[in-house]
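Colleague: Encoded as C-alpha cells, here's the structure I'll be asking about.
The values are calculated or read from the model by the stated rules, or taken from the named source; none is laboratory data. Small disclaimer: the values here were computed from a predicted structure and weren't measured. Every residue, glycine among them, receives a Cβ derived from its backbone with ideal geometry; neighbour counts consider all protein chains shown.
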Amino acid sequence: MDRRVVISGMGIWSCLGSDIKTVKESLYKGKSGIGILEDRLKYGYRSGLSAIVETPLITKAMLDRHIRVGMPEQAQYAYMASKEAFQQAGIDEKYLLENEIGCIFGNDSSAKPVIETFKIMEEKHDTAMLGYGAVLQSMNSTVTMNLSTIFHLRGINFTISAACASGSHSIGLGYMMIKQGLQEAVLCGCAQETNQYSMASFDAITAFSTRMEAPEKASRPFDKDRDGLVPSGGAAALVLESYESAKKRGANIIAEVKGYGFSGNGSHIQKPSDLGSITAMTRALKDAEISPDEIDYINAHATSTPQGDMYEAIALDKIFHGKHALISSTKSMTGHECWMAGASEIVYSAIMMQDNFVAPNINFENPDQYSEKLNIAAKTIDKEINTVLSNSFGFGGTNSALIITKCKD
C-alpha cells in the first residue's frame, strides 16, 4: 500500500506559548522565549541561559492522582500538547475508545526522577521510600506509557530515542506506518525536560552560549558571532492520519506529510556531517517525488553552535544553491528544544504554511563564509508557502528530514 498521510491535529507547549494561537503570534513577531534561570548558576552551570517554559497545571479534575504521580515533567508537557492536538483533530474520548490509534513519541532522557531516586536511596537506604511513581517517571518510555494510558491508545506504542532527531524520526515512523497501511492514525511528537539536572552534562562540554547580558540575543543560528546553543524544551504533538480516514471523519486537514529521509553519519559521535545531512535531505526529496526547486521554506536544524551550523550550511548550499527556498532556524527564538525540536519545528512550519509567512531567523546580523551563501530570512516575510523541508540532526550521527505540503484534494 502507498497511502497519503495528513496532519489533522497539532498541539504545542513551548517557550513561545502553550497553545497554537499564541505560538503563531510569537513566530510572526519574532519573539524570543529565552531568559536566565538563576538556579542553574547556583547549581554550578557556566551559563544560566534557558528558554522559559511554563509549568503545566494539571488538576485532579483533568487526571486522577494515580496517573499524575507517574508523570515526570516531560510527560506533563506531552499530555498538554496531545490534549490540544486531539481537540484540533476533532477526536474525543468516545472516538478514542472506539478506534485504534497508535502512539510514537520521542524522549531521550528522564534525568530528574532518576537523580531524585538516587538521592533518596543515598540518604534513606530504603527502596520503600521511593514511592509508586518513581519507576514510571524514570523510564525512558515514560511519555508513551503515560499518553497511551490516558488517551486509550491501543495501536503501535513505542518511544524513539535518537537525540535531537527524536521528534522528527517519530513523525517519520508514524508516517511510514500509515503509508504502508499498518495504522489509520498515530499520535506522534516529542517531549523534552527542562530541569537543571537534564542539562548539566551539556553545560559541561561548553555547548551553551554564555551571552547572558542579553538573553534574547544569545541564540544566533548561522551568525558569525554565535557562541553556542541555548537549552530549551516542552512538547509538541501531531495527529497523523490516513487521508481517507481524515476525509471520512470530516476533519480539517492541516498539511500532508510527503517525505521522510534519514541517515547515519557513521563517524564521530559528536561531530556533525554535511554528507549525512545531504543524504537525509536527498532521501526525503526522493520519497516526496519533488525537486529542490519546489521547496518554498526550509526550517533548518541550526542550533547556534559553530560546527553544527557550518556543516548544515555547507549541506544546504550544495542542494539549494540558486534555488528560491527561504531558510530560517526557529531555534533563534526558542533555543534548542533538543529531543523535542524535530516535532515542534514541524508544528511551527505547518503554522507558517497555513498563514503564509516565514518566521525570522532573529539575531542573524553577520553571516560567516558559509551562511552568506544561504537565502536566510532575517525578518518575517509574508509569502505563500506550499512545501516545507525540516531538518533535524543529533549526537551519534542520527539525521532526519521531513517534507510537508499543503494538502490538495
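Colleague: Condition test on Ile298, is it in contact with a Leu (Cβ under 7 Å, 6 or more places away or on another chain), crowded, with 24+ Cβ neighbours inside 10 Å, outside any helix (DSSP H, G or I) and of a type in the set (Val, Ile, Thr)? Give the derivation first.
Modeller: Details: in contact with a Leu (Cβ under 7 Å, 6 or more places away or on another chain): yes; crowded, with 24+ Cβ neighbours inside 10 Å: yes; outside any helix (DSSP H, G or I): yes; of a type in the set (Val, Ile, Thr): yes.
Judged against the criteria, Ile298 is a match.
Colleague: Restricting the stretch 22-67 to residues that are charged (D, E, K, R) and not in a loop (DSSP other than H, G, I, E, B), which is farthest from Phe202 (Cα to Cα)? Let's see the steps before the verdict.
Modeller: Step one: filter the stretch 22-67 for residues charged (D, E, K, R), giving 24-25, 29, 31, 38-40, 42, 46, 54, 60, 64-65.
Pick out the ones that are also not in a loop (DSSP other than H, G, I, E, B) and you get 24-25, 29, 38-40, 42, 65.
On the way: Lys24: 29, Glu25: 30, Lys29: 30, Glu38: 17, Asp39: 16, Arg40: 13, Lys42: 16, Arg65: 33 Å.
Filtering first and then ranking leaves Arg65.
Colleague: Among the residues of the stretch 176-201, write down those that are in contact with a Lys or Arg (Cβ under 9 Å, 6 or more places away or on another chain) and within 22 Å of Cys338 (Cβ to Cβ).
Modeller: Glu193, Asn195, Gln196, Tyr197, Ser198, Met199, Ala200
Colleague: Considering every residue within the stretch 267-279, establish whether at least one is farther than 21 Å from His169 by Cα, touching a residue at least 60 places away in the same chain (Cβ under 8 Å) and in a helix (DSSP H, G or I).
Modeller: If we filter the stretch 267-279 for residues that are farther than 21 Å from His169 by Cα, which is where we start, we get none.
No: zero hits.
Colleague: I would also like to ask the following. Is at least one residue of the stretch 227-243 surrounded by 21 or more Cβ atoms within 10 Å (Cβ to Cβ), of a type in the set (Asp, Glu) and closer than 22 Å to Ile171 by Cβ?
Modeller: Yes - at least one qualifying residue is present in the stretch 227-243.
Colleague: Turning to a different aspect of this structure: Which numbered condition trips up Asp355, out of (1) of a type outside the set (A, V, I, L, M); (2) touching a strand residue (DSSP E or B) at 6+ places or on another chain (Cβ under 6 Å); (3) within 27 Å of Ser242 (Cβ to Cβ)?
Modeller: Single failed check for Asp355: (2).
Colleague: Might you check whether a residue that is of a type outside the set (Gly, Ala, Ser), touching a strand residue (DSSP E or B) at 6+ places or on another chain (Cβ under 8 Å) and within 16 Å of Ile34 (Cβ to Cβ) occurs anywhere in the stretch 289-304?
Modeller: Among the residues of the stretch 289-304, at least one is of a type outside the set (Gly, Ala, Ser), touching a strand residue (DSSP E or B) at 6+ places or on another chain (Cβ under 8 Å) and within 16 Å of Ile34 (Cβ to Cβ), which makes the answer yes.
Colleague: OK, next. On the basis of being part of a helix (DSSP H, G or I) and among the polar types (S, T, N, Q), does Gln307 make the cut? Write out each step before concluding.
Modeller: Numbers: part of a helix (DSSP H, G or I): yes; among the polar types (S, T, N, Q): yes.
In short, yes.
Colleague: Here is a follow-up. Against the definition (modelled with pLDDT of 95 or more, assigned to a helix (DSSP H, G or I) and either farther than 22 Å from Ile171 by Cβ or over 20 Å from the mean Cα position of the chain (by Cα) (or both)), how does Ala378 come out, yes or no?
Modeller: Working: modelled with pLDDT of 95 or more: yes; assigned to a helix (DSSP H, G or I): no; either farther than 22 Å from Ile171 by Cβ or over 20 Å from the mean Cα position of the chain (by Cα) (or both): yes.
No.
Colleague: Of the residues in the stretch 367-394, how many are surrounded by fewer than 20 Cβ atoms within 10 Å (Cβ to Cβ) and in contact with a Gly (Cβ under 9 Å, 6 or more places away or on another chain)?
Modeller: Within the stretch 367-394, residues that are surrounded by fewer than 20 Cβ atoms within 10 Å (Cβ to Cβ) and in contact with a Gly (Cβ under 9 Å, 6 or more places away or on another chain) number 2.
Colleague: Out of curiosity, is Gly106 among the small types (Gly, Ala, Ser), within 29 Å of Lys83 (Cα to Cα) and surrounded by fewer than 17 Cβ atoms within 10 Å (Cβ to Cβ)? Outline the logic, then answer.
Modeller: Details: among the small types (Gly, Ala, Ser): yes; within 29 Å of Lys83 (Cα to Cα): yes; surrounded by fewer than 17 Cβ atoms within 10 Å (Cβ to Cβ): no.
No.
Colleague: What's the total number of residues in the stretch 322-346 that are surrounded by 24 or more Cβ atoms within 10 Å (Cβ to Cβ) and not in a strand (DSSP E or B)?
Modeller: Qualifying residue count for the region: 17.
Colleague: Counting only residues that are over 23 Å from Gly90 (Cα atoms) and among the hydroxyl-bearing types (Ser, Thr, Tyr), give me the helices (runs of 4 or more DSSP H) lying completely in the stretch 158-258 with at least 3 of them. It would help to see each step written out before you state the result.
Modeller: Working: elements: 166-179, 196-204, 243-249.
Ranges flagged: 196-204.
Colleague: Checking the structure you have, find out if any residue of the stretch 83-99 is at pLDDT 95 or above and surrounded by 24 or more Cβ atoms within 10 Å (Cβ to Cβ).
Modeller: Within the stretch 83-99, the subset at pLDDT 95 or above is 83-99.
Filter once more, so that each one left must be surrounded by 24 or more Cβ atoms within 10 Å (Cβ to Cβ): 85, 89.
The answer is yes; a qualifying residue exists.
Colleague: For the stretch 40-55: of the residues being touching a helix residue (DSSP H, G or I) at 6+ places or on another chain (Cβ under 6 Å) and surrounded by fewer than 21 Cβ atoms within 10 Å (Cβ to Cβ), which is nearest to Leu16 (Cα to Cα)?
Modeller: Once the filter is applied, the top-ranked residue is Gly48.
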